[in-house]
Amino acid sequence: QVQLAEAGGGLVQAGGSLRLSCVASGRAFNRRELGWFRQAPGKEREMVGAIGWGGARTYYVDSVKGRFSVSRDNAKNTVTLQMNSLKAEDTAVYYCAARKADLVSRSLATMTSEYDYWGQGTQVTVSS
């Protein structure tokens, strides 16, 4: 059982920054891949970034590379998404997600179907 809760969403001007946090409860946090997803109105939920067990391995969708950064603190059961140079097209509901514990993958999971636990989401709105 894993429960996730996001925080930090809000309204920001284009070019600004925002930091989202997600706190997890449950077992084996340090043996789960974690991800951040977003869903804009009328669009399918998409992967933003992912992070491996120890935090060294990360993945970012092309549209956010160089602007967003995912990190985790296993001692605090948290994962964060630092968003810089925000654009209007970043406007979406952002979700944190976790996979089942102890999964082995050659690459970090990037599909919504590969994640098993989800937060309720936090709204990020970027004005232009």
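Just so it is clear, none of the values below were taken in a lab; they were calculated from the coordinates. This one's a predicted model, so the numbers in the text were calculated from it and none came from an experiment. As a convention, Cβ positions derive from the backbone with ideal geometry for all residues, glycine included, and neighbour counts pool all protein chains shown.
Shape summary: the chain maps onto an equivalent ellipsoid whose semi-axes, from the alpha-carbon gyration tensor, are 23, 14, 13 Å in decreasing order.
Distance between Cα centroids, segment 99-121 to segment 8-43: provide it in whole Å. Using only Cα atoms, the two centres lie 14 Å from each other.
Report note on the peptides 35-47, 81-93: ranked by the mean count of other C-beta atoms within 10 Å, highest first, their order is 81-93, 35-47. A simple spin-label model places the labels of Ser63 and Asn84 2.1 nm from each other, with each point 7 Å out along Cα-to-Cβ. Which residues among segment 30-57 fall inside the zone where the amide N is under 18 Å from a point 7 Å beyond the Cα of Ser107, along Cα→Cβ? Within reach of a label on Ser107, which here means backbone N under 18 Å from a point 7 Å along Cα→Cβ, segment 30-57 contributes 33-37, 46-53, 57. Assign one of three labels to segment 1-59, namely rounded, prolate or oblate, based on the Cα gyration tensor with a ≥ b ≥ c the square roots of its eigenvalues; rounded applies when a/c is under 1.5, prolate when it is not and a/b is larger than b/c, and oblate otherwise. In terms of gyration-tensor shape, prolate. Restricted to Cα atoms, segment 54-128 shows a radius of gyration and a Dmax of 13.4, 42 angstrom. In straight-distance terms, cross-link reach from Lys43 covers every one of the lysines whose alpha-carbon lies under 30 Å from its own, apart from those fewer than eight places away in the same chain; here that gives Lys65, Lys87, Lys100.
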